[in-house]
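The values are calculated or read from the model by the stated rules, or taken from the named source; none is laboratory data. On a predicted model such as this, the values are computed, not experimentally measured, just so you know. Cβ: placed from backbone, ideal geometry, glycine included. Neighbour counts: every protein chain shown.
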Amino acid sequence: MGWPRIERWPKTACADTANTRAANTRAGNMTQDLSTGNNYNFDQENRITGAAGYTYTCDADGNRVEKSNGTTGTLYWYMTPGIVAESDLAGNLQSEYVFFDGERVARKDFSSGSVAYYFSDTLKTASVITDATGNIKSESDYYPWGGELQFANSDSNHYKFTGKERDSESGLDYFGARYYGNSLGRFITPDWAAKATAVPYADFADPQSLNLYTYVINTPTTRFDADGHDVVLSGTKDDKAQEQKRIVANASAKGEADLFKTNTGKDGKTRLVLDKKAAADFKGKHSVGYDKLVKAINSQKTATVSIAATFKDPKTGATIDVRRKEMVALLWATRTEMQR
């Protein structure tokens, strides 16, 4: 079901195997979903400016902080886990959210004073929501690509597939960096990186990652997307450790893996840290993957970086396969996913 590199096309229709689904701009952004009738406009940074009468406003970091429709709408309040509160446009709190280990576990609605509890699966999808006494208010199953099959719907929750907000006006899921069309099984804009690169976030050993629109390299049953860029493996700690090892290996296009070392803290958790002395002695220009990895370590956030599987040793001229080097431990401290 992979789509071609749409950003090379003129304005035209993007077809799947059954019918024509979307019209696109030269930048590859989907401007019209013919299956829903929704039309989308984009700003200069390829962010949706609104849909179905709603206007979206982003802050300097690219986070959507306001959704308005005339005089009504929602302001979003962010902290480290993500959106922790919502208010009306005047700033009056409507809902607050409680997170545990990076997952949304509870919500308080200020209009009624009621409390709701979230029960999520390994992909962070809240399949069941109860009231304070344990009565089920909402229950759903989800198809692999995010379609919802509802059994009970007496709750106002709008954080659905993998815990991301589903906009009622468009049906799209807001992942932060991009919007995801669960009816299409694809993002509606191509992936991008802060620094220009040929194929952002690609793992060249995995052809599935070369399509800029795919969701979690077409493995939605075991992976979820952290922010519209980063693919995170669900499952056991060993599963996540292997994923982390792959991420670090693919970041090491120029032998930079030797610049990282591990440190076990007082909490017993192993973290990946930068060897500052080795980094200072490193000769040459660092890769984009290195810069992203260092930034992620400093901010303790999850990062998926991928540059190449091999590099040429400048001293010996030998080609080295970084995937076979035991250069780092399997884990570093992240905001949520890699320590569970």
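Could you say which residue among Asp141, Asp155 is at pLDDT below 95, out of contact with any Cys (no Cβ under 8 Å at 6 or more places or on another chain) and not in a loop (DSSP other than H, G, I, E, B)?
On the way: Asp155 fails: not in a loop (DSSP other than H, G, I, E, B).
Of the residues listed, the single one that is at pLDDT below 95, out of contact with any Cys (no Cβ under 8 Å at 6 or more places or on another chain) and not in a loop (DSSP other than H, G, I, E, B) is Asp141.
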Quick check on region 21-54: of everything there that is surrounded by 15 or more Cβ atoms within 10 Å (Cβ to Cβ) and either of a type in the set (Val, Ile, Thr) or not assigned by TED's automatic domain parsing to the domain that holds Ala177 (or both), which residue is modelled with the lowest pLDDT?
Thr25
Among Gly134, Gly102, Gly91, Gly70, the single one that is in the same structural domain as Gly37 (by TED's automatic domain parsing) and touching a Phe, Trp or Tyr at 6+ places or on another chain (Cβ under 9 Å) is Gly134
Every residue from region 120-160 that is closer than 24 Å to Thr219 by Cβ, among the hydrophobic types (A, V, I, L, M, F, W, C) and surrounded by 14 or more Cβ atoms within 10 Å (Cβ to Cβ)
Leu123, Ala126, Trp145
Taking interchain pairs and intrachain pairs at least six residues apart, which have beta carbon atoms under 8 angstrom, with the first residue in region 80-99 and touching a residue at least 40 places away in the same chain (Cβ under 8 Å) and the second buried (at least 18 other Cβ atoms within 10 Å of the Cβ) and part of a loop (DSSP other than H, G, I, E, B)?
Pro81/Gly102; Pro81/Thr336
Those residues of region 116-135 which are in a strand (DSSP E or B) and either modelled with pLDDT of 95 or more or under 26 Å from Ala226 (Cα atoms) (or both) amount to Ala116, Tyr117, Tyr118, Phe119, Ser120, Ala126, Ser127, Val128, Ile129, Thr130
Listed by first then second residue, the pairs whose first member lies in region 33-47 and is under 13 Å from Pro190 (Cα atoms), whose partner is of a type in the set (Phe, Trp, Tyr) and assigned to a strand (DSSP E or B), with beta carbons under 8 Å and at least 6 positions apart or on separate chains, are Arg47/Tyr56
